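Note sheet for the following structure.
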């Protein structure tokens, strides 16, 4: 599809400042959501010792969180398509922040499991609603780079979790790590005061929940394709991130300071990749840019999984996340462009979160494989298979690069 200058910037009822506030609301929501999720990966040993359970059981709570995300995507996505983007986004942010705060007060492992499971509902709702609001509000000619900025919030959240693990965890213990997760509730005030409702939603909205679901069923083939693609995208990201800190501690025997530095490098690379490949997708198209990011990740795997020197491993950890999150940086724009306007709050988010449901066992599978083949081979083998299959599925699909969201006045 040829690129043309969109009239969105000139015809949109939003000022440039209002467009920016909408994108920043999605970015900050996803950043805080990711922080709340990733704090647990730095505290597996402490949580296991505190609750008197195995580390494998703590890892299982990650799977419970991921598995509940489709529930949140369905709930908040339907609300966003029926009643608008702003209200459901504010409710979602408050919901996941409060639950995260309560995790820091869990008296035993059973309560902790319940809270981490319920938290998954809140985490699942944020991305779809925030992404639809941001992409519908953003100027079309900047959609690719702003898509990368939005998605990079995930990596920024991971980075903030690593910083908290370096400075808060050793001094104050694991409970304050979760208490910090209550701060994002303040974002609801920012959304209330600065973010305007999406005009594209006003134009495309349908009159009832039944009509919303009817549109979804009419587009079931597209939905199934997006869910399959998102499953592999989740295997890509969670397969390279969730257990990598534990891999570094177990295989390379890195201490807390070095671990925090490497994780920080990973997430700086992720932010760079998301914005870089998001921008590039405006030039060469969504699918070609996505596959290019996958190829960068693929060629980095040998050094990432088998590097003998810690310096090589650190550089590889940076580069592979440039590729992994470079691919992810294209996803908000790509999914929203492919989705019908009437269900743009629901289909991208639900496909995204169903992908995480199907990919939820990824950390557990990799941890089981490492017992048989070793940590390096487990991570490398899983990711090579994921990348190859994902590249094939992406190229077999279609794209609507540069699609207009607003109808002409």
Equivalent ellipsoid, the range 88-151 (semi-axes from 5 times Cα gyration tensor eigenvalues, Å):
32, 10, 8
For the range 175-249 and the range 309-353, compute the distance between their C-alpha centroids and round to whole Å.
12
Tell me the angle of helix 143-167 to the major Cα principal axis of the chain, expressed in degrees between 0 and 90 and rounded to the nearest ten.
30
If you average over every viewing direction, what projected area does the convex hull of the Cα atoms of the range 266-409 give, in nm²?
9.8
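I need the semi-axes of the equivalent ellipsoid of the range 279-364: take the C-alpha gyration tensor, multiply each eigenvalue by 5, square-root it, list largest first in whole angstrom. Walk me through the numbers on the way to the answer.
Details: eigenvalues 175, 62, 13 Å².
They are 30, 18, 8 Å, listed from largest to smallest.
For every helix of n ≥ 4 consecutive DSSP H residues, a contribution of -39,500 (n - 2.57) applies; sum these over the chain, divide by its total residues, and give [θ] at 222 nm rounded to the nearest 500 deg cm²/dmol. Could you put the intermediate results ahead of the total?
Numbers: 20 runs with 326 residues, N = 409.
Counting only the DSSP helices, I get -26500 deg cm²/dmol.
Considering every Cα-Cα pair within the chain, what fraction, in whole percent, is farther apart than 28 Å? Write down the numbers at each step before the final one.
Working: 35490 of 83436 pairs.
Cα-Cα pairs in the chain separated by more than 28 Å: 43 percent.
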Length-normalised contact order for the range 246-393 - Cα pairs under 8 Å, 6+ apart - percent:
27
GNM flexibility winner over the chain from 148, 374, 72 (Cα, springs under 10 Å):
374
Roughly what angle does helix 310-338 make with the longest principal axis of the chain, taking Cα atoms, 0 to 90 degrees, to the nearest 10?
20
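Counting other beta carbons within 10 Å of each Cβ, put 85, 175, 286, 372 in order, fewest first.
Details: 85 32, 175 13, 286 29, 372 8.
Fewest to most other Cβ atoms nearby, the residues stand as 372, 175, 286, 85.
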Cα extents of the range 19-83 along the principal axes, largest first, in whole Å, come to 47, 24, 12
If you look at just the Cα atoms of the range 185-293, how large are its Rg and its Dmax in Å?
20.3, 58
Among 389, 232, 295, which one moves the most in a GNM of the chain with springs linking Cα atoms closer than 10 Å?
389
Rounded to 10°, Cα long-axis angle of helix 55-83 versus longest principal axis of the chain:
10
For the chain, built as a Gaussian network whose Cα springs stay under 10 Å, the top-fluctuating residue of 136, 126, 366:
366
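Normalising by the residue count of the range 104-184, find the relative contact order in percent from Cα pairs under 8 Å and 6+ residues apart. List each step's numbers first, then the result.
Details: 20 pairs, mean separation 32.1, N = 81.
Once normalised by length, the contact order is 40 percent.
Evaluate the relative contact order of the range 184-321 (contact order divided by residue number), counting alpha-carbon pairs under 8 angstrom at least 6 apart; express in whole percent.
Across the range 184-321, relative contact order equals 20 percent.
Values in this text are rule-based calculations from the coordinates and carry no lab data. Please read all numbers here as calculations on a predicted model, not as lab measurements. When we count neighbours, we look across all protein chains shown, and the Cβ atoms used for this are built from the backbone with ideal geometry, even at glycine.
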